[in-house]
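Take a look at the structure set out below.
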Amino acid sequence: MGELRKVKRILIVDDNEFFAKVIKSELLNHGYEVDIVYNGEQALDFLKHTQVDLILLDIIMPIKDGFETMEEIKKNELTKNISVVFFSNLGQAEDIQKAMNMGAQSYIVKKDFSLKEVMDNIETHIRKSDSL
């Protein structure tokens, strides 16, 4: 008998409800559990009581932006090892470099993305975290 694979849980943090639901639908079709919150503060509250395997994190959001949220995630012992993929409209080299310096696994520019790219990216990081 094959090994039982634990369903992976992904948190989408994005204030664009339509966009978040499109990504959620694709992730559900690939067998993931998916939750959506709409700003960084909601994400940090959510992470206090729910374990996730990967976070898709937008940068430009109300209340607490993605960079501030990432800072808090990396400071917290319980969340610092969660894989984070930034997913933003900001495509400048300095934004991408800042995200990577903060510990992001990767960075996808929304205006250039394809659902296949998002899924490939997520699958890669989930596999990496499984092998740790």
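The values are calculated or read from the model by the stated rules, or taken from the named source; none is laboratory data. Because the structure is a prediction, the values reported are computed rather than measured. In this analysis, Cβ positions are derived from the backbone assuming ideal geometry, glycine residues included, and neighbour counts consider all displayed protein chains.
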Out of the range 107-121, which residues are among the hydrophobic types (A, V, I, L, M, F, W, C), touching a residue at least 24 places away in the same chain (Cβ under 8 Å) and in contact with a Phe, Trp or Tyr (Cβ under 8 Å, 6 or more places away or on another chain)? F113, V118
Out of all the residues in the range 69-91, which are acidic (D, E) and part of a loop (DSSP other than H, G, I, E, B)? E77
Considering each residue of the range 40-64, count those that are within 18 Å of Y107 (Cα to Cα) and surrounded by 19 or more Cβ atoms within 10 Å (Cβ to Cβ), and give that number. 9
Could you figure out which of (1) in a helix (DSSP H, G or I); (2) at pLDDT 90 or above; (3) under 19 Å from D35 (Cα atoms) isn't true of E94? (3)
Of all the residues that make up the range 73-109, how many are touching a strand residue (DSSP E or B) at 6+ places or on another chain (Cβ under 6 Å) and either over 17 Å from A43 (Cβ atoms) or exposed (fewer than 13 other Cβ atoms within 10 Å of the Cβ) (or both)? 5
If you check D35 against the conditions, is it over 12 Å from the mean Cα position of the chain (by Cα) and either closer than 15 Å to K8 by Cα or not in a loop (DSSP other than H, G, I, E, B) (or both)? no
Residues being in a loop (DSSP other than H, G, I, E, B), of a type in the set (D, E, K, R) and more than 12 Å from the chain's Cα centre (by Cα) - total across the range 47-68: 2
Given A43, A104, A93, which one is among the small types (G, A, S), more than 13 Å from D14 (Cα to Cα) and within 13 Å of the chain's Cα centre (by Cα)? A104
Meets criteria (touching a Phe, Trp or Tyr at 6+ places or on another chain (Cβ under 6 Å), assigned to a helix (DSSP H, G or I) and at pLDDT 90 or above) for A104: no
